[in-house]
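The values are calculated or read from the model by the stated rules, or taken from the named source; none is laboratory data. Just so you know, these numbers come straight off a predicted model, no measurement behind them. With ideal geometry, Cβ positions are generated from the backbone for all residues, glycine too; neighbour counts draw on all protein chains shown.
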Amino acid sequence: MSLVLDALVVSSAWTHVLLAPYTKVEESFNLHAVHDVLMYGISPSALPNYDHFAFPGSVPRTFIGSVLLAWLAKPFIYIAATFDLLPSKFEIQVIVRLVLATINAIGLCFIRHAVSRRFGRPTGFYYTLLTCSQFHVPFWMGRTIPNMLAFLPVNLSAYLLLDRAPNTIRPSERSVTASIALLVSSAVIFRAEIAALGAALILQSWYAGHISFKRAFVVGAVSSMASIALTMLVDSYFWKQPYLWPEFHSIYFNVVEGKSVEWGVSPIHSYLTSHLPKLLLSALPLSLFAVFSSGSRRLLPLIFPAAVLTTAMSAIGHKEWRFVVYVVPTINVVAARGLSVMVSRRKSSLIGRILFIGAFGAILCNFALTLLMTFASIKNYPGGHAMSVLNSISSSPSPVRAHICNLALQSGASLFTHIHSPPYPPYLPSAGHWVYDKTDAPTSYSNFTHLITESSTAPSDSNNGAFGFLSRKKDKETWATIGDVSAFERWALDAGRLTRSTGEGGEVVGIVDRVQSMLTLQEKTRLWVLERGQGK
């Protein structure tokens with residue numbers, strides 16, 4: 001049974017990767033760093049080819065996670081190539097994401113084993129159901145955002161604190177020490193907000209007598225210094241900047257200079273009223289029920305670090321769900337305890353039957369909402385699908401030179417989708433020498449043979465015509481649409497369909513068809529793939 005539950009967690013992550021293999025712009029730095037490590041290597045002569053020198057982003061990011069992920073993915077890439085399962089670069093992207101998803105799934109499985117040992121196997125089972133029935137963590141734990149690269153060490157920290165016998169009142173000092181070290185290192189290297197979790201753990205452990213203040217200080221200081229030295233050593237090399245500490249630049253840019261507000265400002269209550277409910281779904285009310293019904297002494301230590309992180313991040317104007325995603329596994333542990341209490345009540349009583357139905361309904365609601373969000377998300381990567389349309393064309397005698405617009409770059413057009421462009425590692429056959437241009441608003445489109453654009457008509461050259469009239473006329477005559485890509489717009493609910501017994505053609509519509517047609521996914525054309533030639 002234990003292996004089945006672990007397989008369920010892993011398969012949940014894999015399913016989301018395979019259903020939505022394309023990526024968004026927030027994943028691009030680490031994904032492209034992995035691409036460059038795999039394609040060019042890490043020798044000094046290879047670094048000038050790296051993408052981050054041409055597109056550095058607002059702040060530098062660490063290469064540590066990307067390099068480790070590339071090295072971990074290499075054996076599986078070689079295996080896939082051996083069995084002819086690697087027809088293009090894009091399959092490498094899928095393999096890399098599957099490896100990351102597996103790594104993060106293993107961290108969740110460690111927590112499940114600790115939960116089963118401490119709270120019992122039923123609680124471990126309910127923890128698995130909650131984890132797999134939610135949307136955000138399974139969907140995103142195979143995506144190369146920095147938060148997911150830090151997800152494993154954060155979850156290992158939680159595992160060390162949870163993994164003890166049911167009657168053991170306190171974790172061992174060794175476990176607390178290792179947990180603090182993991183959180184501090186993750187904060188220094190990957191994401192600074194994890195420092196709030198580390199501070200909460202140190203404060204909680206010192207107050208409960210699990211560790212002395214001196215030892216906690218020494219562990220935190222040593223972990224910080226060692227992690228700073230590591231990230232400076234690695235990232236100074238890859239960025240060619242001496243004494244570079246990427247996460248310090250991020251803190252200075254976003255917090256000290258306050259530039260994070262340029263990405264939007266949310267109300268102070270957004271995490272409590274919006275982000276956490278979306279992340280946790282039914283686990284949020286279930287965790288509250290557990291605290292009041294299952295004894296707070298064993299559960300509040302799990303909630304306290306999550307509360308500190310949420311409070312700290314609420315003080316910052318710019319808010320995103322990924323800044324607090326680390327609290328989901330521990331809150332799920334508390335919620336699983338609540339489910340265990342609900343299901344274990346005697347079914348002979350009215351309260352017992354109500355609680356049992358409520359527990360079943362909570363999991364069912366999770367799966368239903370996750371299904372809707374997954375279907376919508378699959379349709380939310382028009383750039384990736386546009387690249388697929390472009391890559392499927394028959395290459396003309398002249399070289400293909402394609403320009404990719406900003407929306408496409410933000411929604412799936414990663415370097416791994418440049419399947420007809422060098423470099424080609426030894427395990428990949430050469431597939432052409434196309435040029436994929438990512439220049440923002442080029443002054444002329446006359447050198448391109450193909451365009452991925454946000455309009456059905458080609459952009460006009462800025463240097464042609466006094467008011468662009470002549471260039472627009474020329475573009476309409478010389479560009480033809482070879483494909484368009486739609487993306488998710490909204491879910492539309494038409495409750496009136498439930499009462500319509502006949503269709504548009506007068507045919508009788510059954511109740512099942514009527515229910516299914518009540519909720520429809522509406523799409524809107526977002527991108528067009530154009531080819532130079534005589535239009536119609």
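Quick rundown of the values:
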{"read-out": "Residue in the stretch 360-381 that is buried (at least 21 other Cβ atoms within 10 Å of the Cβ) and more than 30 Å from GLU193 (Cβ to Cβ) present", "value": "no"}
{"read-out": "Odd one out for LEU428 among (1) farther than 19 Å from GLY483 by Cα; (2) assigned to a strand (DSSP E or B)", "value": "(2)"}
{"read-out": "Single condition SER414 does not satisfy, out of (1) touching a residue at least 12 places away in the same chain (Cβ under 8 Å); (2) under 24 Å from GLU27 (Cα atoms); (3) out of contact with any helix residue (DSSP H, G or I) (no Cβ under 9 Å at 6 or more places or on another chain)", "value": "(3)"}
{"read-out": "Considering residues of the stretch 253-273 that are at pLDDT 90 or above and in a helix (DSSP H, G or I) only, the residue farthest from VAL324 (Cα to Cα)", "value": "THR273"}
{"read-out": "Every pair of residues 6+ apart whose Cβ atoms lie under 6 Å, when the first sits in the stretch 54-80 and is under 23 Å from PHE151 (Cβ atoms) and touching a residue at least 12 places away in the same chain (Cβ under 8 Å) while the second is of a type in the set (A, V, I, L, M, F, W, C) and in a loop (DSSP other than H, G, I, E, B)", "value": "none"}
{"read-out": "Condition broken by HIS210, with the remaining ones in (1) in contact with an Asp or Glu (Cβ under 8 Å, 6 or more places away or on another chain); (2) modelled with pLDDT of 95 or more; (3) of a type outside the set (Gly, Ala, Ser) satisfied", "value": "(2)"}
{"read-out": "Number of positions in the stretch 78-94 that are under 22 Å from TRP434 (Cβ atoms) and β-branched (Val, Ile, Thr)", "value": "2"}
{"read-out": "Criterion: surrounded by 23 or more Cβ atoms within 10 Å (Cβ to Cβ), in the same structural domain as ALA158 (by TED's automatic domain parsing) and out of contact with any Lys or Arg (no Cβ under 9 Å at 6 or more places or on another chain) - qualifying residue of VAL334, VAL341, VAL308", "value": "VAL334"}
{"read-out": "Filter pass, THR144 being within 20 Å of GLY338 (Cα to Cα) and in contact with a helix residue (DSSP H, G or I) (Cβ under 9 Å, 6 or more places away or on another chain)", "value": "no"}
{"read-out": "Residue match in the stretch 113-131 (condition: in a helix (DSSP H, G or I), among the basic types (Lys, Arg), in the same structural domain as LEU182 (by TED's automatic domain parsing) and in contact with an Asp or Glu (Cβ under 9 Å, 6 or more places away or on another chain))", "value": "yes"}
{"read-out": "Close pairs from the stretch 250-270: first within 20 Å of GLY57 (Cα to Cα), partner among the small types (Gly, Ala, Ser), Cβ under 7 Å, at least 6 apart", "value": "SER250/ALA192; ILE251/ALA192; PHE253/SER58; ASN254/SER260; SER260/GLY317; VAL261/GLY317"}
{"read-out": "Per-region count, the stretch 384-403, residues over 25 Å from the mean Cα position of the chain (by Cα) and either modelled with pLDDT of 90 or more or outside the structural domain of SER421 (by TED's automatic domain parsing) (or both)", "value": "7"}
{"read-out": "Helices (runs of 4 or more DSSP H) wholly inside the stretch 134-221 containing at least 2 residues that are farther than 30 Å from LEU371 by Cβ", "value": "151-162, 173-189, 194-208"}
{"read-out": "Output for the stretch 117-126, where each listed residue is farther than 18 Å from GLY361 by Cβ and either of a type in the set (A, V, I, L, M) or buried (at least 21 other Cβ atoms within 10 Å of the Cβ) (or both)", "value": "PHE119, THR123, GLY124"}
{"read-out": "Residue list for the stretch 307-317, filter: touching a helix residue (DSSP H, G or I) at 6+ places or on another chain (Cβ under 6 Å) and free of Cβ contacts under 8 Å to residues at least 60 places away in the same chain", "value": "THR310, SER314, GLY317"}
{"read-out": "Hits in the stretch 230-252 - residues which are of a type outside the set (A, V, I, L, M, F, W, C) and either part of a helix (DSSP H, G or I) or not assigned by TED's automatic domain parsing to the domain that holds ALA312 (or both)", "value": "THR231, ASP235, SER236, TYR237, PRO246, GLU247, HIS249, SER250, TYR252"}
{"read-out": "Matching residues in the stretch 81-117 - criterion: being in contact (Cβ under 8 Å) with a residue 24 or more places away in the chain, under 18 Å from TYR22 (Cβ atoms) and among the β-branched types (Val, Ile, Thr)", "value": "ILE92, VAL94, VAL96, VAL99"}
{"read-out": "Test for PHE110: is it over 24 Å from PHE360 (Cβ atoms), crowded, with 23+ Cβ neighbours inside 10 Å, among the hydrophobic types (A, V, I, L, M, F, W, C) and not assigned by TED's automatic domain parsing to the domain that holds PRO422", "value": "no"}
{"read-out": "Exclusive hit being in a loop (DSSP other than H, G, I, E, B), without any contact (Cβ under 8 Å) to a residue 12 or more places away in the chain and within 17 Å of LEU530 (Cα to Cα), set SER444, SER455, SER394", "value": "SER394"}
{"read-out": "Residue among LEU279, LEU299 that is assigned to a helix (DSSP H, G or I) and touching a Lys or Arg at 6+ places or on another chain (Cβ under 7 Å)", "value": "LEU299"}
{"read-out": "ILE354 being under 23 Å from ALA150 (Cα atoms), assigned by TED's automatic domain parsing to the domain that holds SER179 and among the β-branched types (Val, Ile, Thr)", "value": "no"}
